[in-house]
Amino acid sequence: MSRNAFLNGNEAVAYGVKLSRPNVVAAYPITPQTKAVEKISSFVQNGELDCEYMHVESEHSAMACSIGASSVGARTFTATSSQGLLYMAECLPYASGARLPIVMMNANRSLATPWNIYGDQMDTMFLLNSGWVQIFVEDAQEALDVTIQSFKLAEDVRVMAPVMVNLDGFVLTHTYEKVSIPSQEAVDQYLPPFKPSAHMMNDEEPMSMCITAGNQHNMEFKIKQHQELFNALHVFEEIDHSFNEKFGRSYGGVLEGYQNEDADYLLVTTGSVTGTARVVVDELRSKGVKAGIIKLRVVRPFPKEAMVRSVAGAKAIGIIDKNISFGYEGTIYTNVNSALLQRGLNLITLNFIGGIGGRDITKQNIEEMFEKLSTVSTSEAVDAVSYYNVRCSL
């Protein structure tokens, strides 16, 4: 039996972690992620969660601790945000290269300088090349469910890769909404205890987990890791299907279309801005405008085949980026364009950059995006980056 509760995104992740029964949680607080690890600590303190809770001295130590725990077969969780994620950067390739199924929540937050505690997606885009699966969630319910699913994904022998679950800072981490919490019994049936893989350390068979591989062998290791990370795409689709069968909730797999089947104009979204975009699409549809959304849920590995199938019938596509790849364009825009061109789709694409430093992306902004998509010509789309809610020139 499930029960309903009024939770914010941080608390929803904490409940997802508790239900997943990790053996080790390595915690270091950083705004706006702190409430997640605080809630987990309360579960440990009151006996609701039986695990080793390690309050470490830094984010770097949190990931180093997670690597150590996971390498001996412990189900492991940690969380971070912004500068903390970047402080972990040295450790992230160790985790992915060693094929360790760590799950981490990242509360998306702006990077310094200037200093800012509010949410954009600059932090996680900075580390797309770290070898981690990266999933973005829209609301607190999805945050709870995907936390559970991420352990199942990371620990699948076809994947064996760490997973980062991304929540928009404050907009999602601190906003309360009704969430359905599954029963422990149901989650135990869905997510059995982790069975360590043969490549993990144990007392009987000592081994090294960070061997030296020179120029004769190193590339083979990296290409194998790269190729097998793509397995996460179809495994995640399977997980979404089985989760729906067990709990009655599906999120579409690696991406989710909304009113996209016959849409002339599509917006590609990630995270919580999707909810606002849904409202605008409904209003535009009532006026006869064929608008739709593609909610990109998995950014690494990038689901290019699913993306191409979902947008193939559109006249123009807009990509909302809450990040800037300095000196070029939004990172997701680059990825979407590459996928389309590889499959020979010469569609009009526009890049809408907004939400930097936590600035609102409003309904009016999204209406303007759809208006621009409906009026732009191919020649105008050559320099196709727009910046939303920029109030002044500094």
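Just so it is clear, none of the values below were taken in a lab; they were calculated from the coordinates. Worth saying up front: this structure is predicted, and the values here are computed from it rather than measured. Virtual Cβ from ideal backbone geometry, glycine too; neighbours counted across all protein chains shown.
Structure above, values below:
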{"item": "Set of lysines near residue 363 by C-alpha distance (under 18 Å), chain-local residues within fewer than 8 positions excluded", "result": "287, 290, 295, 322, 372"}
{"item": "Trypsin sites (Lys or Arg not before Pro) restricted to the stretch 145-214 and DSSP loop, no more than 14 other C-beta within 10 Å", "result": "158"}
{"item": "Crossing angle, helix 331-342 versus the chain [Cα axis fit, 0-90 degrees, rounded to tens]", "result": "70"}
{"item": "Antiparallel DSSP beta bridges within the stretch 255-387, percent to nearest 5", "result": "20"}
{"item": "If the convex hull is drawn through the Cα atoms of the stretch 3-247, its volume per residue in Å³", "result": "124"}
{"item": "Angle in degrees between helix 59-71 and the longest Cα principal axis of the chain, rounded to the nearest 10", "result": "60"}
{"item": "Binned Cα-Cα distance frequencies in the stretch 304-361 - 5 Å width, integer %", "result": "4, 19, 28, 22, 14, 9, 4, 0"}
{"item": "Intensity falloff of the stretch 235-300 expressed as log10 I(q)/I(0), Debye formula with alpha-carbon point scatterers, at q = 0.15, 0.16, 0.26 Å⁻¹", "result": "-0.52, -0.58, -1.05"}
{"item": "Options 132, 40, 76, ranked by Cα towards positive dipole end of the chain, top entry (Cβ charges)", "result": "132"}
{"item": "C-alpha long axis of helix 9-20 to longest principal axis of the chain, angle in °", "result": "40"}
{"item": "Kirkwood-type radius of the stretch 117-224, with distances r between different C-alpha atoms, in Å", "result": "17.1"}
{"item": "DSSP bridge orientation in the chain - percent antiparallel, rounded to nearest 5", "result": "25"}
{"item": "Kirkwood-based shape ratio for the stretch 255-387, expressed as Rg/Rh from alpha carbons", "result": "0.92"}
{"item": "Loop-located chymotrypsin sites (Phe, Trp or Tyr not before Pro) in the stretch 18-95, at most 14 other Cβ atoms within 10 Å (DSSP)", "result": "none"}
